[in-house]
2 protein chains.
Amino acid sequence: MAMYVVIFRARIRAFDAEYSHTATRMRELAFAQFGCLDFHAVVEGDNEVVLSYWPDEAAIRAWRAHPEHVLAQQAGRDRWYVSYTVQIAPITREYHGGLKGPVQSDRQQFGIVPAAE
Amino acid sequence: MAMYVVIFRARIRAFDAEYSHTATRMRELAFAQFGCLDFHAVVEGDNEVVLSYWPDEAAIRAWRAHPEHVLAQQAGRDRWYVSYTVQIAPITREYHGGLKGPVQSDRQQFGIVPAAE
């Protein structure tokens, strides 16, 4: 299955009480209404990386244009972030190691396998 | 210019003294010998995300096969990580907001612009 990733990289200005509520809500919306496949956020110091995964670009566009998300983006620009970069990319290859990996031979488990199957 | 991202997502088992040394060395190698364009690592709790950016897939393959990197991958599997996923994707769109954004009109600064120019 094809899969797109949206990479959100941000320098944090300050997270207020509303941030946590909004982040939770946006994640819920992404899964419930826009077919989001996976959502992974990591914060270290003032660096945030959020990876979200989608079935196609139309889902990403619809997600980006949702009125609640537009407001969240505005709050991000106004209050939460100094700066950010968004990158969109179709995943062409994927491989796993360790416990998360599919049950396969060692070579496959630790080798490159096509993402689209 | 075309650009590929390698997304490394891992669940950390334990980072020992060698990890920090190796991580620094791998980053140096990536830039000095393999044309790495950007390298961004974020750790929160036992989650690590490392984003690295490359001009083409050949650079990624060469990087992956370098003897020192092969040893580092083995140490990662044996000691540092419970599990990990690696995803490779060509970036097709990119946009910026805030201070890092290119000097452009507001619409462009906060709108989607093609990554390849």
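The values are calculated or read from the model by the stated rules, or taken from the named source; none is laboratory data. All values reported here derive from a predicted model rather than from experimental measurement. Virtual Cβ from ideal backbone geometry, glycine too; neighbours counted across all protein chains shown. Only protein heavy atoms, including side chains, enter the accessible area calculation; ligands, DNA and RNA are left aside. Shrake-Rupley method; radii C 1.70, N 1.55, O 1.52, S 1.80 Å.
Here are a few things to note about the model shown:
- Of the candidates A:GLU44, A:GLU48, A:GLU68, the single residue that is more than 7 Å from every other protein chain (Cβ to nearest Cβ) and surrounded by fewer than 18 Cβ atoms within 10 Å (Cβ to Cβ) is A:GLU68.
- Candidates are the residues of the range A:16-27 that are open to solvent by 30 Å² or more (accessible area, probe 1.4 Å) and polar (S, T, N, Q); the one that is nearest to the other protein chains (Cβ to nearest Cβ) is A:SER20.
- The single residue among B:ALA62, B:ALA58, B:ALA75, B:ALA30 that is open to solvent by less than 50 Å² (accessible area, probe 1.4 Å), hydrophobic (A, V, I, L, M, F, W, C) and under 26 Å from A:VAL86 (Cα atoms) turns out to be B:ALA30.
- A:SER52 being in a strand (DSSP E or B) and of a type in the set (Gly, Ala, Ser): yes
- Test: residue in the range A:74-86 that is more than 25 Å from A:GLU48 (Cα to Cα), more than 18 Å from the chain's Cα centre (by Cα) and at pLDDT below 95: no
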